[in-house]
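Student: I have a structure I would like to understand better, so I am pasting it below and will then ask my questions one at a time.
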Amino acid sequence: MIDSNRNPRRLDAEKNLRRLVIAESDLWQAYRFAELLLEHESSESNSGEIRSTKDLVTALDIALVVAYSRPFLDSRGGQHKNTALKVQKRRLLKMYSTQEQKLHEGILRQRSSEFAHSDADSYSPLISKTPFGLIPIMRNPFPYVDFERARRIKDMIAKLFVILGEEKKRLSSEIPMGSTIFT
């Protein structure tokens, strides 16, 4: 519910602040998934690892990628379209090393091509015609989990929290105390 009589600058600040709060929430979730994933790092090296632990580790890795990616991707539907994180890309790229920038782009690609979509546009499985019918031959549903990557993502998220905090503080200064944001 937007009041058309309100200051356009304040409305823009409210809209961007809402995005930042949602982005921060998504990144806290990703950070927690990274922590939980890293708790299982030693069990990954045990040769007698039970299948349920491997399945859990894979699920946490997928959840980490999906939650990390949410703030950087535009929503294509619903009430709040195009709510991707609007922190200036230049600031983000400056904050990340070249290696971190490549990892960031790889995570977004992996989310879109492997973890969040199973349609033919996202990846192209082989299809084998067998006596039992057509069987898709897809990627490994339980890929190797890279714990060092999880540690690097966690560190990248910590850097993002600094930028998000600064931006939230700046935007909050344009909104009167006690305001409720309805954008």
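Student: Among the residues in the stretch 164-182, are any at pLDDT below 70 and either under 17 Å from the mean Cα position of the chain (by Cα) or charged (D, E, K, R) (or both)? Give the derivation first.
Tutor: At the first step, the residues of the stretch 164-182 found to be at pLDDT below 70 are 182.
If we keep only those that are either under 17 Å from the mean Cα position of the chain (by Cα) or charged (D, E, K, R) (or both) too, we end up with none.
No, that holds for no residue.
Student: Looking at the stretch 111-133 only, could you name the residues that are modelled with pLDDT under 65 and among the polar types (S, T, N, Q)?
Tutor: Answer for the stretch 111-133, where residues must be modelled with pLDDT under 65 and among the polar types (S, T, N, Q): SER118, SER122, SER124.
Condition check ((1) modelled with pLDDT of 85 or more; (2) out of contact with any strand residue (DSSP E or B) (no Cβ under 7 Å at 6 or more places or on another chain); (3) part of a helix (DSSP H, G or I); (4) among the hydrophobic types (A, V, I, L, M, F, W, C)) across all residues:
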| residue | (1), (2), (3), (4) |
| --- | --- |
| SER42 | no, yes, yes, no |
| TYR68 | yes, yes, yes, no |
| LYS81 | no, yes, no, no |
| ALA84 | no, yes, no, yes |
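Student: Out of the residues in the stretch 13-32 meeting the condition of being small (Gly, Ala, Ser) and surrounded by 19 or more Cβ atoms within 10 Å (Cβ to Cβ), tell me which one is farthest from GLU148 (Cα to Cα). Explain how you work it out, then say what you get.
Tutor: Here is the first cut: in the stretch 13-32, the residues small (Gly, Ala, Ser) are 13, 23, 25, 30.
Narrowing the set further to residues that are surrounded by 19 or more Cβ atoms within 10 Å (Cβ to Cβ) leaves 13, 23, 30.
Details: ALA13: 37, ALA23: 24, ALA30: 15 Å.
Among them, the one singled out is ALA13.
Student: Would you tally the residues in the stretch 93-110 being part of a helix (DSSP H, G or I) and hydroxyl-bearing (Ser, Thr, Tyr)? Before you say what the answer is, go through the steps one by one.
Tutor: So the first thing to find is which residues in the stretch 93-110 are part of a helix (DSSP H, G or I), and the list is 93-95, 98-110.
Now restrict to residues that are hydroxyl-bearing (Ser, Thr, Tyr): 98.
Total satisfying the criteria: 1.
Student: Consider LYS54 carefully, then state whether it is among the charged types (D, E, K, R), surrounded by fewer than 16 Cβ atoms within 10 Å (Cβ to Cβ) and at pLDDT 80 or above. I'd like the intermediate steps shown before the answer.
Tutor: On the way: among the charged types (D, E, K, R): yes; surrounded by fewer than 16 Cβ atoms within 10 Å (Cβ to Cβ): yes; at pLDDT 80 or above: yes.
Yes: the conditions hold for LYS54.
The values are calculated or read from the model by the stated rules, or taken from the named source; none is laboratory data. The shown structure was predicted, so the numbers you read here are calculated from the model rather than taken from an experiment. For neighbour counting, all protein chains shown are included, and Cβ atoms are generated from backbone atoms with ideal geometry for every residue, glycine included.
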